[in-house]
Amino acid sequence: MALRCVYTDLDGTLLGRGASLFRDGEGGFTLLPARALEACHRAGVEVVIKSGRRKVQVMEDARLMGQTSYIYEVGSGLVIDGEETLMTGEFQPRDGKTVHRLVEETGAPALLLQTYAGRLEPHAPWHLDRQMSHLFRGLVEPAEANELLAREGHGAVRLVDNGAIPSSETDLSLDGQPHAYHLVPAEASKAGAVARHMQARGYAPGECIGVGDSREDLDVAARVGRFYLVANALEKDPGLREAAAVHENVEITEAGHGEGFYEAVVGALMHS
């Protein structure tokens, strides 16, 4: 089937060092990510960002790429041609309160920070001015954290692993590579937002691919025909290889970051 849509993460995937489109993982200059975007444009393939970033950030990135759809705050929100849909279940803005504030009032963020003191902290300064998710950094097991949340009556939210981050971004003394985590309404997910977008556009799974570097990105594999993990994802989180083996349609690129994105796009176009 002809490729019609690429769903891609930003940080650690399309973007290289310093969150730049024109830098690879080591900071060298590269045009390959831009060339992949050009190839999609020439082939009439839509590119949809799926990111943990705030709406205003993802909106601007999508605009710079010439795209009109995007997914933000780990699937909490989806915008298609200017029309926004919140994928946050029972957590809907009300009485002047954002979803972020409503989640805070449940006590779930405080519970996580108290339970995992020394292992989890706000991902400053990017945790500020958020509308949906609570953003943390550190090293915890999401499954264990979600069991804690459910046991304490917070089953309406979940902790999501959105990938490894540089060790330089935290002063915590950890036993491994730190990760970024989002606390979101249980209904919110990148995979769910991808499925909603595909339904709205009328795309079949075989007409779509996903590209990413985290466990939350990997869940998109169940929605698309082919999913690509960029090589740097396994360098920072070797356990992703075992997680990827659960899916029959996951491929690991030889290159990392934007050059891995290029490899995924060109390969998908060649086989469509």
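Compared with the alpha-carbon gap, the fully stretched path from Gln67 to Ser20 is longer by 15.1 nm at 0.36 nm per residue.
Hey, what's the chain come to in accessible area per residue, 1.4 Å probe, Å²?
Values: 12220 Å² over 272 residues.
Accessible area per residue: 45 Å².
Our Cα-only numbers for the range 109-246 put the radius of gyration and Dmax at 15.7, 47 Å.
Within the full protein context, the accessible area of Leu128 is estimated at about 90 Å² for a probe radius of 1.4 Å. The convex hull around the C-alpha trace of the range 138-208, projected and averaged over every direction, spans 6.7 square nanometres.
Applying both filters, DSSP loop and at most 15 other Cβ atoms within 10 Å, to the GluC sites (Glu not before Pro) of the range 209-256 gives Glu248, Glu254. In this rough spin-label picture, where each label sits 7 Å from Cα along the Cβ direction, the Glu90-Asn249 distance is 3.3 nm. Take Phe227: with every protein chain present and a 1.4 Å probe, its accessible area is about 0 Å². Taking the DSSP beta bridges with both ends in the chain, the antiparallel portion is around 55 percent.
Relative to the present Cα-Cα distance, how much length would full extension add between Ser167 and Ala43 at 0.36 nm per residue of separation? Before the final figure, lay out each step's value.
Values: separation 124, 0.36 × 124 = 44.64 nm, distance 3.89 nm.
Gain on stretching Ser167 to Ala43: 40.8 nm.
Of all alpha-carbon pairs in the range 186-272, indicate the percentage at a distance above 23 angstrom. Summing the P(r) tail past 23 Å for the range 186-272 gives 19 percent. Each Cα pair under 8 Å and six or more residues apart adds its separation to the average, and for the range 96-238 the resulting relative contact order is 20 percent.
Principal axis analysis of the Cα atoms in the chain yields extents of 50, 40, 33 Å, listed in decreasing size. Taking a point 7 angstrom from the Cα of Glu83 along the C-beta vector, which residues in the range 177-199 have backbone N less than 15 Å away? Of the residues in the range 177-199, 196-199 have backbone N under 15 Å from the label point off Glu83. At a threshold of 8 angstrom on Cα-Cα distance, excluding pairs fewer than six apart, so keeping six or more, what relative contact order does the chain reach in percent? RCO, the chain: 22 percent.
Only protein heavy atoms count here; on that basis, with a 1.4 Å probe, His134 has an accessible area of about 20 Å². Full extension of the chain between Val266 and Leu128 gives 46.0 nm of extra length, using 0.36 nm per residue less the Cα-Cα distance.
The values are calculated or read from the model by the stated rules, or taken from the named source; none is laboratory data. A quick note: this is a predicted structure, and the numbers were derived from the prediction, not measured. Methodologically, a virtual Cβ is constructed for each residue, glycine included, from the backbone with ideal geometry; neighbour enumeration extends over all protein chains shown. Heads up: the accessible areas ignore ligands, DNA and RNA and are worked out on the full protein's heavy atoms, side chains in. Shrake-Rupley method; radii C 1.70, N 1.55, O 1.52, S 1.80 Å.
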